[in-house]
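Written below as structure tokens is the structure these notes are about.
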Amino acid sequence: MSYQAMWFLIPAPADVVERHGPRLRALLDAHAADPGNRALRRRWEREGLAPEELEELAVGPLGEDPDGLYAVWEDCGTAGPCAAVQARNRYPVLGLAHGLGPERTAGLPGWFGDVVVGPEEVRAALPAVEAVFDLDGAERRAAERRALDALRTDDLSGLFDAVLPVWRAAAEAGHGLIGAQFVP
């Protein structure tokens with residue numbers, strides 16, 4: 001059976017992060033603390049994983065309730081530009097993580113695209129997020145090849161270009177960010 005997975009990164013006003021953040025962060029914290037997830041992530045960081053194994057890590061907890069996510073994002077209104085990336089039969093951040101590798105991916109807040117950060121966290125993390133995507137031409141081509149391989153596609157549709165503009169705009173506007181992957 002075929003599916004289309006989506007990854008959204010949406011600017012969130014501070015009051016939206018305050019209202020929804022505790023519940024969403026609790027889900028992320030529990031997921032990251034799960035012994036199986038911790039062990040698999042450590043293994044990825046030490047020795048790497050094949051895309052099929054990495055996909056187990058790349059599916060976070062926030063996408064388990066699409067209706068809840070839609071309600072959160074509806075509360076965000078039109079706070080600014082958002083990122084929307086899709087992949088067929090794979091989760092988009094699987095490609096990003098496989099392409100960037102564990103060291104660079106560690107510079108991104110949250111869990112493989114599932115992220116809840118307030119305005120101060122957005123501003124504080126901006127230099128690290130910029131460093132994650134600071135790839136010279138050869139590094140960028142190699143990362144894209146790895147991402148294409150992981151996603152089994154020939155179209156990245158903005159996967160490497162979606163995060164920074166949204167992150168910078170949120171920082172400039174004084175907003176937080178809420179992101180998640182899910183199958184709508």
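The values are calculated or read from the model by the stated rules, or taken from the named source; none is laboratory data. In this text the structure is predicted, and so the values were computed from the model without any measurement. Counting neighbours? That spans all protein chains shown, and the Cβs are built from the backbone with ideal geometry, glycine included. These area figures cover heavy atoms from the full protein model, side chains too; ligands, DNA and RNA do not enter into them. Shrake-Rupley method; radii C 1.70, N 1.55, O 1.52, S 1.80 Å.
Of note:
- Gyration tensor (alpha-carbon) shape descriptor, the range 1-42, a/c threshold 1.5: oblate
- Rounded tilt (10° steps) of 119-132 against the dominant C-alpha axis of the chain: 20
- Of Leu69, Leu40, Leu108, the residue with the greatest mean-square motion in the GNM of the chain, using alpha carbon springs below 10 Å, is Leu40.
- Rolling a 1.4 Å probe over the protein heavy atoms leaves Asp29 with an accessible area of roughly 100 Å².
- For the chain, the relative contact order is 42 percent, taking Cα pairs closer than 8 Å that sit 6 or more residues apart in sequence and dividing their mean separation by the residue count.
- Simple point charges give the picture: +1 on the Cβ of Lys and Arg, -1 on the Cβ of Asp and Glu, and for the chain a dipole about the Cα centre of about 300 debye.
- Counting only protein heavy atoms and a 1.4 Å probe, the range 1-121 has 47 square angstrom of accessible area per residue.
- Per-residue ellipticity at 222 nm from helix content only, as computed over the chain with -39500 (n - 2.57) for each DSSP H run of at least four residues, stands at -18500 deg cm²/dmol.
- If you model the range 4-182 as an ellipsoid using its alpha carbon gyration tensor, with each semi-axis the square root of five times an eigenvalue, the axes come out at 24, 18, 15 Å, biggest first.
- Each 10 Å bin from zero holds the following percent of Cα-Cα pairs in the range 1-98: 14, 40, 35, 12, 0.
- Carbon and sulfur %, accessible surface of the range 1-155 computed with the full protein complex present, 1.4 Å: 51
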